Structure formats: C-alpha cells, structure tokens
Amino acid sequence: AWAAVDVARSADGTVRRHCTANPFVCQINDGVEVLVVLEGAVDMHYRDKDRSQVIRLEPGRIFVAEDGDEHVAHPVGAARILVIEQAGSV
C-alpha cells in the first residue's frame, strides 16, 4: 500500500518517496519524522495533548512528528510523499 523508494540513506536517517492511495497504520516513532506532500493531498491524523486532530496537507506542506507523537497519514486519493525519518523506521 505504501510503495517506497529510498532516495538517500545515512547512518542515522533515510529519505523515502512514497506513492500511495491507502492509509498507513497508526504509528508512534522513536525519532523525528518529517513528511512533505509532493503531489495530491494527505489528511494527517494526530494526537495533540490527548485530543485527536486532523489537518489537510497539500503539495509543499510539511508535517513534523516529534519523537513519541502518535500519527497516521490518510491520502486523499493518490499521493506522492517525501518522508525523512530515522534509519530503520518502517
């Protein structure tokens, strides 16, 4: 569902391009994750101080999930997304 192409890799992080139309699973990262929408739109669901929030990310918008933040991306149709995260994250 989340076909990924590694764009770059370092000892501590990876840059991946994801192409998908399917929601990902809810996750809590063990490091910072940066998500940039390249094409399409993504509804990002996240928890903020025990409250559920949703923001729509369109091309050029950036979402930063800090270490321990609960979040899940729901593409609105097909989307291409650049994700920068700690090496070894799924």
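So the values come out like this:
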| item | result |
| --- | --- |
| Mean Cβ count within 10 Å, highest first, over the residues of peptides 60-67, 42-49 | 42-49, 60-67 |
| Net charge, VAL37 excluded, C-beta distance under 12 Å - Lys, Arg +1, Asp, Glu -1 | +1 |
| Cα-based equivalent ellipsoid, the chain: semi-axes from gyration tensor eigenvalues, Å | 18, 17, 10 |
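Rule-based calculations on the coordinates, nothing more; no lab input. Note that the structure is predicted; figures quoted are calculated from it, not measured. Heads up, the Cβs are rebuilt from the backbone with ideal geometry, glycines too, and the neighbour counts pull from every protein chain shown.
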